[in-house]
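The values are calculated or read from the model by the stated rules, or taken from the named source; none is laboratory data. Everything numeric here is computed off the predicted structure, so don't read it as measured data. Ideal geometry is used to build each Cβ from the backbone, glycine not excepted, and the neighbour counts take in all protein chains shown. Protein only, heavy atoms only, side chains kept; ligands, DNA and RNA dropped before computing areas. Shrake-Rupley method; radii C 1.70, N 1.55, O 1.52, S 1.80 Å.
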Amino acid sequence: STGEVIDAEQIYLATGLGQRPPGEALIEKLAKSAGLPLAPCGYPVVDSSLRWHPRIYVSGGLAELELGPSARNIAGARLASERIVA
């Protein structure tokens, strides 16, 4: 740092994550073929155990609607694992 002070009214933070679900094409195909629910934004609609189907659970970005923004990081992975095995 140069020690320069910058006066600002707003700060924007971009983390680089997209707004679409990971594996969107695969998720859409699976949802259509198995009749699984998708939210209007394209993410799977899962229960509190992250179950999308009796034999399909999601984690990571696909669990974002249930877990919130931490779903995509290591804390989210921990939360997902706790819910899936509970």
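General observations
- Pairs are defined by a Cβ separation below 6 Å, a sequence spacing of at least 6 or placement on different chains, a first member in segment 31-49 that is farther than 26 Å from Arg78 by Cβ, and a second member that is among the aliphatic types (A, V, I, L, M); the pairs so defined are Ala31/Leu38.
Let's see how each residue does on (1) surrounded by 10 or more Cβ atoms within 10 Å (Cβ to Cβ); (2) modelled with pLDDT of 90 or more; (3) outside any helix (DSSP H, G or I); (4) in contact with a helix residue (DSSP H, G or I) (Cβ under 6 Å, 6 or more places away or on another chain):
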| site | (1), (2), (3), (4) |
| --- | --- |
| Asp7 | no, no, yes, no |
| Tyr12 | no, no, yes, no |
| Ala71 | yes, yes, no, yes |
| Ser81 | yes, yes, no, no |
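- Of all positions in segment 17-27, at least one carries a residue that is open to solvent by 60 Å² or more (accessible area, probe 1.4 Å), in contact (Cβ under 8 Å) with a residue 24 or more places away in the chain, over 25 Å from Ala86 (Cβ atoms) and part of a loop (DSSP other than H, G, I, E, B).
- Selection within segment 38-69: residues that are small (Gly, Ala, Ser) and assigned to a helix (DSSP H, G or I). The member of this set that is nearest to Glu24 (Cα to Cα) is Gly61.
- Among the residues of segment 41-67, the ones that are exposed (fewer than 11 other Cβ atoms within 10 Å of the Cβ) and modelled with pLDDT under 95 come to 3 in all.
- Any chance Ala75 is in a helix (DSSP H, G or I), closer than 18 Å to Gly23 by Cβ and either of a type outside the set (Phe, Trp, Tyr) or modelled with pLDDT under 95 (or both): no
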